[in-house]
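The values are calculated or read from the model by the stated rules, or taken from the named source; none is laboratory data. What you are looking at is a predicted structure, and each value in this text was computed from that prediction instead of being measured. Quick reminder, even Gly has a Cβ in these numbers, built from the backbone with ideal geometry, and neighbours come from all protein chains shown.
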Amino acid sequence: MLSCYIKAIGITAPGIKNWHEAQSIFQHPGTHSIAPIGKKLETLLPANERRRATRVTQLALSAAQQTGDPKQLSQCLQIFSSSNGDLTTFNQISLALAMDGRPVSPTRFHNSVHNAPAGYWSIATQSQTASTSITAYNDSLAAGLLEAAVQLNSADNTQQRDCLLVCYDETPPPAFLSQLTSPLTMKQEFACALTLSQNSDNMLARIDISSGNGMEAITALSDSSLEELRLSNPQASILPVLNTIAQQKQETIILPYFEQGLNVQISYQHKQ
């Protein structure tokens, strides 16, 4: 079992602009409605990089920057997790390769790599800390959370750094939708960020993470609008965790993670 503390939360989602708004929605069932995320998202990026950043990067950074002071965040371990990366850019490059002369844009090319959002984040915060960018398809949210917990509990984390986990996915271009087969759909954009720590000061919650046994059902939400959102994007699997924290409940949430699932036990106690 791996243990750590959630210190801060950021969220950019349909009908939810930030953690403060999310708390109110979770505490007042029936008040959420799915509404498109605004076309322009605020980021910490300088003007030149802001113009080059794609939607995926904007989603990731908009959630990440909600979790704290940029200077402090720049010192954190950094985990970026996405199921599909920037499929819009990949689609644009694929179409360009089919044209005469193959006019691939250099900007699109550098945005196509899976760690592009992490790179933009390092520019925005002037961070020189190493980052990890991962994917596990529709289980990427749980994989990112597990990776963050492993790094926090690793003997290599000698400086006892906090960890910033950023999970995000865009709505894919229509050409890809038929290929994304799973119980989850990809109807909505979604991004969330967690600052995780081994230090319990000012914690929002403690989480203890362990592998499931494959027999327990994935945790759903009773609020119909929030449940629809949970099923609309793989990263929205985090919603039951956020709902439990907002309501200050002690529960174990089962996240989708391959065949066995991932258990996330939420409490508010300090380590013994």
Of the criteria (1) in contact with a helix residue (DSSP H, G or I) (Cβ under 7 Å, 6 or more places away or on another chain); (2) closer than 19 Å to His114 by Cβ; (3) at pLDDT 90 or above, which one Leu239 fails: (2)
Matching residues in the range 114-132 - criterion: being surrounded by fewer than 20 Cβ atoms within 10 Å (Cβ to Cβ) and either in contact with a strand residue (DSSP E or B) (Cβ under 7 Å, 6 or more places away or on another chain) or of a type in the set (S, T, N, Q) (or both): His114, Asn115, Ser122, Gln126, Ser127, Gln128, Thr129, Ser131, Thr132
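Suppose we keep only residues that are touching a Pro at 6+ places or on another chain (Cβ under 9 Å) and in contact (Cβ under 8 Å) with a residue 40 or more places away in the chain within the range 237-261. Which one would you say is farthest from Ala60 (Cα to Cα)? First the steps, then the outcome.
As a first pass, look at the range 237-261 and keep what is touching a Pro at 6+ places or on another chain (Cβ under 9 Å): 237, 251, 253-256.
If we keep only those that are in contact (Cβ under 8 Å) with a residue 40 or more places away in the chain as well, we get 237, 254-256.
Values: Ser237: 16, Ile254: 24, Leu255: 21, Pro256: 21 Å.
Among those residues, the one meeting the criterion is Ile254.
Between Leu221, Leu226, Leu231, which is without any contact (Cβ under 8 Å) to a residue 60 or more places away in the chain, closer than 22 Å to Ser81 by Cα and out of contact with any strand residue (DSSP E or B) (no Cβ under 7 Å at 6 or more places or on another chain)? Full working, then the answer.
Values: Leu221 fails: closer than 22 Å to Ser81 by Cα; Leu226 fails: without any contact (Cβ under 8 Å) to a residue 60 or more places away in the chain.
Criteria check complete, one pass: Leu231.
Any residue in the range 156-164 that is part of a strand (DSSP E or B), over 26 Å from Arg52 (Cβ atoms) and in contact (Cβ under 8 Å) with a residue 60 or more places away in the chain? Show your work before the answer.
Step one: filter the range 156-164 for residues part of a strand (DSSP E or B), giving 163-164.
Next cut, over 26 Å from Arg52 (Cβ atoms) only: 163.
In the following step, the residues that additionally are in contact (Cβ under 8 Å) with a residue 60 or more places away in the chain were identified as 163.
Checked the range 156-164: at least one residue is part of a strand (DSSP E or B), over 26 Å from Arg52 (Cβ atoms) and in contact (Cβ under 8 Å) with a residue 60 or more places away in the chain.
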Yes/no for Met99 being in contact (Cβ under 8 Å) with a residue 24 or more places away in the chain and in a loop (DSSP other than H, G, I, E, B): no
Residue within the range 174-181 that is within 24 Å of Asn84 (Cβ to Cβ) and at pLDDT 90 or above present: no
Tabulated pairs, the range 1-17, first at pLDDT 95 or above, second buried (at least 21 other Cβ atoms within 10 Å of the Cβ) and of a type in the set (D, E, K, R), C-beta under 9 angstrom, 6+ apart or interchain: Lys7/Asp162; Thr12/Glu189; Ala13/Glu189; Pro14/Glu189
Residues located in the range 117-150, provided they are under 21 Å from Ser197 (Cα atoms), in a helix (DSSP H, G or I) and of a type in the set (Gly, Ala, Ser): Ala118, Ser122, Ser140, Ala142, Ala143, Gly144, Ala148, Ala149
Test: residue in the range 36-43 that is surrounded by 15 or more Cβ atoms within 10 Å (Cβ to Cβ), farther than 30 Å from Ser267 by Cα, hydroxyl-bearing (Ser, Thr, Tyr) and out of contact with any Asp or Glu (no Cβ under 8 Å at 6 or more places or on another chain): yes
Options Gln23, Gln66: the member that is at pLDDT 95 or above, under 24 Å from Gly119 (Cα atoms) and either part of a helix (DSSP H, G or I) or among the acidic types (Asp, Glu) (or both): Gln66
Pairs with Cβ under 9 Å, 6+ apart, first in the range 185-200 and closer than 20 Å to Gln65 by Cα and touching a residue at least 60 places away in the same chain (Cβ under 8 Å), second surrounded by fewer than 20 Cβ atoms within 10 Å (Cβ to Cβ) and basic (Lys, Arg): Glu189/Arg55; Ser197/Arg161
Tally of residues being crowded, with 19+ Cβ neighbours inside 10 Å, farther than 19 Å from Trp19 by Cβ and of a type in the set (Ser, Thr, Tyr) across the range 193-231: 1
Single residue of the range 76-89 satisfying the filter (touching a Ser or Thr at 6+ places or on another chain (Cβ under 6 Å) and at pLDDT below 95) that is farthest from Ala148 (Cα to Cα): Thr89
Positions within the range 74-112 being among the aromatic types (Phe, Trp, Tyr) and touching a strand residue (DSSP E or B) at 6+ places or on another chain (Cβ under 6 Å), in sequence order: Phe80
